[in-house]
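J.: Take a look at this one; I'll ask things after.
The values are calculated or read from the model by the stated rules, or taken from the named source; none is laboratory data. Everything numeric in this text was worked out from a predicted model, so none of it was measured. Heads up, the Cβs are rebuilt from the backbone with ideal geometry, glycines too, and the neighbour counts pull from every protein chain shown.
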């Protein structure tokens with residue numbers, strides 16, 4: 001299962017990283033397509049756009065807010081959609097060295113959950129060290145997963161955490 005291209009406008013400041021799109025997202029070819037996922041609700045609250053807009057228009061709203069969205073993994077084996085089911089030896093990460101070098105405007109990466117952060121750090125620990133050296137103000141933040149599988153945190157508590165990391 002191969003992921004898809006990032007939501008990416010000119011000069012993004014924030015990069016939001018998930019682990020790998022869910023089965024629903026892959027089948028619909030759009031990020032966070034599961035209606036139970038709170039990602040788009042949180043983004044609409046933070047950036048004040050209409051949640052009922054078409055996917056393309058919501059993506060443009062994020063681009064205009066200088067927010068990019070991508071996933072750590074380009075490909076992997078994973079039965080179902082749970083991050084815990086990702087088979088580590090099959091992980092193929094996206095090329096973040098090239099991405100970061102092409103987008104010098106980025107000041108922060110926000111991980112959509114602990115799994116995205118762990119997978120990224122497993123593959124790109126050296127890149128993180130270089131970023132912190134070359135861009136001292138560069139930040140990494142982990143937010144609670146917007147996935148419906150992470151239901152132990154209310155969506156309003158998730159919103160508060162995301163607000164703190166993004167704004």
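J.: Please work out which residue is nearest to residue 91 (Cα to Cα), limiting yourself to the range 131-159 and to residues that are surrounded by 13 or more Cβ atoms within 10 Å (Cβ to Cβ) and without any contact (Cβ under 8 Å) to a residue 12 or more places away in the chain.
T.: 132
J.: Just the residues that are assigned to a helix (DSSP H, G or I) and either in contact (Cβ under 8 Å) with a residue 12 or more places away in the chain or within 14 Å of the chain's Cα centre (by Cα) (or both), please, taken from the range 99-120.
T.: Of everything in the range 99-120, those that are assigned to a helix (DSSP H, G or I) and either in contact (Cβ under 8 Å) with a residue 12 or more places away in the chain or within 14 Å of the chain's Cα centre (by Cα) (or both) turn out to be 99, 100, 114, 115, 116, 117, 118, 119, 120.
J.: Report, by residue number, each residue of the range 14-47 that is touching a strand residue (DSSP E or B) at 6+ places or on another chain (Cβ under 7 Å) and either in a loop (DSSP other than H, G, I, E, B) or surrounded by fewer than 14 Cβ atoms within 10 Å (Cβ to Cβ) (or both).
T.: Scanning the range 14-47 gives 19, 20, 21, 31.
J.: Please verify whether the range 71-82 includes one or more residues that are at pLDDT 90 or above and exposed (fewer than 12 other Cβ atoms within 10 Å of the Cβ).
T.: Scanning the range 71-82, I find no residue that is at pLDDT 90 or above and exposed (fewer than 12 other Cβ atoms within 10 Å of the Cβ), so the answer is no.
J.: Taking residue 50 as the residue in question, decide whether it is in a helix (DSSP H, G or I) and at pLDDT 95 or above.
T.: no
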